[in-house]
Amino acid sequence: MSTHTQSESPELVSVAQKICRSQRTVVLTGAGISAESGIPTFRDSLTGLWEQFDPLELATPEAYCRNPSLVWGWYEWRRMKVLQSPPNPGHLALATLAAQVPQLILITQNVDDLHERAGSPAVLHLHGSLHHPRCFECHHPHTLAPGMPEEPEGGRTVPPPRCSQCCGPVRPGVVWFGESLPSLAWQQAMAAVHHCDLLISIGTSGLVYPAASLPEIAHKNNTPIIVINPAPTEQDNIATHIFRGRAGEILPQLLKLIPHHHRSRSM
Ligand code: OAD
């Protein structure tokens, strides 16, 4: 294992070659890939959401039952921030890469839609989405009004809308602490990781399970793991290559090194 920060370092070239040779690439992203779009991560010191807000008051089913308006208002504030934020060069590089390699399966822990807005097809959302709320009681999907939510500041309470089917309260479509992951997305992610020949982990601390077990599974299968992150992570000890930098800088540099004959997918 070695670490590089310089642009076009021998290690960047070697990883670009690995990507070119890969037949089945898996990319796992976390909050760090959206940081350069202006969306806060969870655990970065000072700026992380869990540094400023208590997850036990905002990210559990019990918290929602105690104070639905506080929880709904907080997630509407986060949705507003996402709607105001454009995809960054990291998201865009991944979308381009997907069209240049035989197979790229993108698994994200993020609840924003910036990968989709960057053009990535078929993103597996392990932790749900801010954009797909559902009824707390009957689970019927709720259609959000188009445009910006009214909530202007984090912390203001907003009563949740009512379900069109059963009149129950609508909840954010995200996975909370103590809840299971969406089973189809998780099964597809597990299958993709079992079959991949390269895993690239970007912008995740690797602290939250079961998502954090995906690189571990790849490692057990002797699959090379690339980590892109400006700070140390829990996956560093199993990484084949570590790029200590921002996703929005490293990914475009990698993309530049993918030779042109790889730039069209064979049909
Ligand atoms: P964390 O906040 O735990 O970690 C964010 C990671 O992004 C850190 O390792 C940072 O060093 C890294 N980072 C920051 N800026 C970056 C940049 N520009 N480029 C690349 N990396 C950067 O976020 P996650 O690992 O995504 O769960 O957290 C996992 C889950 O914990 C989240 O999905 C969320 C949270 O509770 C749910 O919402 C269910």
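Overview of results
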| read-out | value |
| --- | --- |
| Near pairs, Cβ below 6 angstrom, 6+ apart or cross-chain, from the stretch 82-98 (modelled with pLDDT under 95) to any residue that is within 13 Å of the ligand (Cβ to nearest atom) | none |
| Flag for H132 being part of a strand (DSSP E or B) and surrounded by fewer than 21 Cβ atoms within 10 Å (Cβ to Cβ) | yes |
| Top-ranked residue in the stretch 94-116 [being under 19 Å from T41 (Cβ atoms) and outside any strand (DSSP E or B); ranked as nearest to the ligand (Cβ to nearest atom)] | Q109 |
| The stretch 36-57, subset near the ligand (Cβ under 10 Å from one of its atoms) and part of a helix (DSSP H, G or I), residue farthest from N229 (Cα to Cα) | P55 |
| Flag for R24 being basic (K, R) and either under 15 Å from the mean Cα position of the chain (by Cα) or farther than 24 Å from T157 by Cβ (or both) | yes |
| The stretch 182-209, residues that are away from the ligand (no atom under 16 Å from the Cβ) and either part of a helix (DSSP H, G or I) or under 22 Å from G32 (Cα atoms) (or both) | L184, Q187, Q188, M190, A191, A192, V193, H194, H195, L198 |
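The values are calculated or read from the model by the stated rules, or taken from the named source; none is laboratory data. This structure is a prediction, so every number in the text was calculated from the model and none was measured. All Cβ positions, even for glycine, are placed from backbone atoms using ideal geometry, and neighbour counts span all protein chains on display.
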